[in-house]
Amino acid sequence: MYDPLVDAYPNEKQTNPDSYWKAISGPGPEDDGHLEGEVDADVVVIGGGYTGLSAALSLARDHDMKPVVLEARSSAWGCSGRNGSFARISGGRVPIATLIETYGQDVARGYFGEMRAALGTVRQLIAEGNIDCDVQPDGVYKVAAFAAHASGLEREATLYNGTFGYPARFVPPGELKNAHQGAEAFGALYFPDGFAMNPLKLARGVHVMARAHGAAIHTNSPVIGWQSEGGVHRLVTPTGTVRTRKVVVATNGYTSSKLHPRLSARVLPVHSQIIVTQPMTSEQIAASLPSGNCMFDTRSLLFYYRRLPDGRMLFGGRSAIAGSDAENPKHRQYLANAMIRKFPALEGIGIDYWWGGWVAVSRNSLPFVYRVPGLSEVFWGGGYGGSGVSFSLHVGTKLALMAAGKPFDTQASFLTREPTRYPLPPLLRFGQRIAYRWLQSKDKRQASAK
Ligand SMILES: Cc1cc2nc3c(=O)[nH]c(=O)nc-3n(C[C@H](O)[C@H](O)[C@H](O)COP(=O)(O)OP(=O)(O)OC[C@H]3O[C@@H](n4cnc5c(N)ncnc54)[C@H](O)[C@@H]3O)c2cc1C
């Protein structure tokens, strides 16, 4: 499997994931084929996921520019076509209390405002593009996987209410039974906003909108060379070259260390995997997830899950580290074991789909959207830490704003700063292995704590 820390770009040998979304969504929309010959463009967007497609749409629709998108494989081939499908108030992986402590109340409020706006961006895109993506009712639960975590969630609810004026609420274990049966559920933090949908159809909808407004979307067009001189960038693909003064980088977790030296080692590609079961019986549904809401738990290496409209269980989490090991069936089994531990009623259920993808984790575990210093008019957005469905679509609009020469004014000042490089890039995977072991043992300790 493509590994951004090893390979130069996602090449033609990289197949599509065996995802449930691909299986149920039918053929993709028309695109502009691979790039051919030498062309000039107002602005080039590298990567055709939510970030890149949203940037392309906004550049064409709001800023009267003619963007050219270069996507290595097919539109939404990366995370955007293969994620867990939760669009919620999220971005990065920093607990809200830590965010306030580290950056102060004003910055934290600013960031919360951006995250809420991001969810609004998704809703607005779906409405404007009339995107048929099987939107489910709102409601997201952060479930206390261990008894010791329940009080933390109660405190978090107070922070949301007090600092952000946001009506999150703690749901005690007895009440949670209406939504979550089984084990490892000791109460939950409930967010009234946030919904699930078909993420691939969502991406395809934005793709169609971007093209309708004049963006060109070239697929099978990986950027394999990048030269810059006198403010002009030459982006080389196997079949053509684009000359441009402005580049938007939207490769997120799929950013190869070799794409550009200035960008390398600023995000860690972390593998996230999903299994989807065969349809559950009505008894199994009643004994697992009676509601169709989005759920994720409070483990350090968390699990996320939802019941799909056709009665299947989608269950995801993190286990593989390197691309060379990601297709090892032990990772599928790891998810299956965790699912059965939570929902014993699913013992013996078949698993019909299993796939994974690369999310991007920055060193501060927060997203970024900035003009890259030292490069002429290059703008990069990403680092969503596995929670980027809504934030990536929002960031796309901000990248477009910046590429159009307008300022992105935000109170969340960290967003527009260049992410710090990870030290000792060759040892990143080794460090991650140690971190995973430590997080797993922390989860075990928490499980036995009262
Ligand atoms: C298994 C899984 C579950 C997830 N679940 C959720 C969830 O439930 N909720 C949530 O909020 N987030 C979730 N995420 C994260 C979310 O999907 C991402 O944050 C979001 O899709 C990022 O979009 P993007 O456009 O920035 O990146 P991507 O969609 O990954 O797109 C990057 C694109 O860049 C292309 N590319 C890379 N290199 C080159 C090159 N050299 N030339 C041209 N193109 C290139 C790739 O082919 C890829 O298509 C999940 C991710 C995974 C993998």
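Here is how the numbers come out for the structure above:
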quantity	calculated
Selected residue [small (Gly, Ala, Ser) and more than 11 Å from the ligand (Cβ to nearest atom)] from Gly253, Gly240	Gly240
Flag if Phe195 is modelled with pLDDT of 95 or more and open to solvent by 10 Å² or more (accessible area, probe 1.4 Å)	no
Residues being surrounded by fewer than 24 Cβ atoms within 10 Å (Cβ to Cβ) and hydrophobic (A, V, I, L, M, F, W, C) - total across the range 198-208	1
Leu159 vs. criteria crowded, with 19+ Cβ neighbours inside 10 Å, out of contact with any Cys (no Cβ under 6 Å at 6 or more places or on another chain) and on the phi < 0 side of the Ramachandran plot	no
Unique match (being at pLDDT 95 or above and assigned to a strand (DSSP E or B)) among Gly357, Gly311, Gly348, Gly396	Gly357
Out of Arg312, Arg318, Arg299, Arg307, sole residue that is within 11 Å of the ligand (Cβ to nearest atom) and among the charged types (D, E, K, R)	Arg318
Which listed residue, of Glu175, Glu184, is farther than 30 Å from Gly110 by Cα, assigned to a loop (DSSP other than H, G, I, E, B), more than 16 Å from the ligand (Cβ to nearest atom) and out of contact with any Leu (no Cβ under 9 Å at 6 or more places or on another chain)	Glu184
Options Val361, Val389, Val378: the member that is of a type outside the set (S, T, N, Q) and in contact with a Phe, Trp or Tyr (Cβ under 7 Å, 6 or more places away or on another chain)	Val389
Cβ pairs under 7 Å, 6+ apart, first in the range 38-65 and basic (Lys, Arg), second away from the ligand (no atom under 13 Å from the Cβ)	Arg61/His213
Enumeration of residues in the range 85-104 that are assigned to a loop (DSSP other than H, G, I, E, B), surrounded by 24 or more Cβ atoms within 10 Å (Cβ to Cβ) and near the ligand (Cβ under 6 Å from one of its atoms)	Ser85
The one condition in (1) crowded, with 22+ Cβ neighbours inside 10 Å; (2) farther than 30 Å from Ile434 by Cα; (3) over 19 Å from the mean Cα position of the chain (by Cα) that Asn293 fails to fulfil	(3)
Top-ranked residue of the range 384-426 - restricted to ones that are among the aromatic types (Phe, Trp, Tyr) and within 13 Å of the ligand (Cβ to nearest atom), ranked as nearest to Tyr50 (Cα to Cα)	Phe391
Residues being over 14 Å from Leu263 (Cα atoms), open to solvent by 10 Å² or more (accessible area, probe 1.4 Å), among the hydrophobic types (A, V, I, L, M, F, W, C) and more than 10 Å from the ligand (Cβ to nearest atom) - total across the range 351-369	2
Some residue of the range 406-425 being modelled with pLDDT of 90 or more, of a type in the set (Val, Ile, Thr) and either under 18 Å from Ala118 (Cβ atoms) or touching a His at 6+ places or on another chain (Cβ under 6 Å) (or both)	yes
Check on Asp31, among the charged types (D, E, K, R), under 21 Å from Trp355 (Cβ atoms) and touching a residue at least 24 places away in the same chain (Cβ under 8 Å)	no
Single condition Ala403 does not satisfy, out of (1) farther than 30 Å from Tyr334 by Cα; (2) open to solvent by 10 Å² or more (accessible area, probe 1.4 Å)	(2)
Qualifying positions in the range 222-263 - β-branched (Val, Ile, Thr) and either farther than 20 Å from Val395 by Cα or assigned to a loop (DSSP other than H, G, I, E, B) (or both)	Val223, Ile224, Val232, Val236, Thr237, Thr239, Thr241, Val242, Thr244, Thr251, Thr255
Which listed residue, of Val122, Val171, Val107, is buried (at least 16 other Cβ atoms within 10 Å of the Cβ), touching a residue at least 60 places away in the same chain (Cβ under 8 Å) and either in contact with a strand residue (DSSP E or B) (Cβ under 9 Å, 6 or more places away or on another chain) or small (Gly, Ala, Ser) (or both)	Val122
Residue in the range 218-239 that is touching an Asp or Glu at 6+ places or on another chain (Cβ under 6 Å), farther than 12 Å from Ala72 by Cα and not polar (S, T, N, Q) present	no
Within the range 273-290, considering residues that are open to solvent by 20 Å² or more (accessible area, probe 1.4 Å) and of a type in the set (S, T, N, Q), the one farthest from Ile321 (Cα to Cα)	Ser282
Positions within the range 139-165 being touching a residue at least 60 places away in the same chain (Cβ under 8 Å) and part of a loop (DSSP other than H, G, I, E, B), in sequence order	Gly139, Ala144, Ala145, Phe146
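This table checks each residue for (1) surrounded by fewer than 16 Cβ atoms within 10 Å (Cβ to Cβ); (2) in contact with a Cys (Cβ under 7 Å, 6 or more places away or on another chain); (3) not in a loop (DSSP other than H, G, I, E, B).
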position: Pro10; (1), (2), (3): no, no, no
position: Thr15; (1), (2), (3): yes, no, no
position: Lys22; (1), (2), (3): no, no, yes
position: Leu53; (1), (2), (3): no, no, yes
position: Asp64; (1), (2), (3): yes, no, no
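The values are calculated or read from the model by the stated rules, or taken from the named source; none is laboratory data. Predicted, not measured: the structure shown is a model, and the values here were computed from it. When we count neighbours, we look across all protein chains shown, and the Cβ atoms used for this are built from the backbone with ideal geometry, even at glycine. Keep in mind that these areas ignore ligands, DNA and RNA; they rest on the heavy atoms of the full protein, side chains included. Shrake-Rupley method; radii C 1.70, N 1.55, O 1.52, S 1.80 Å.
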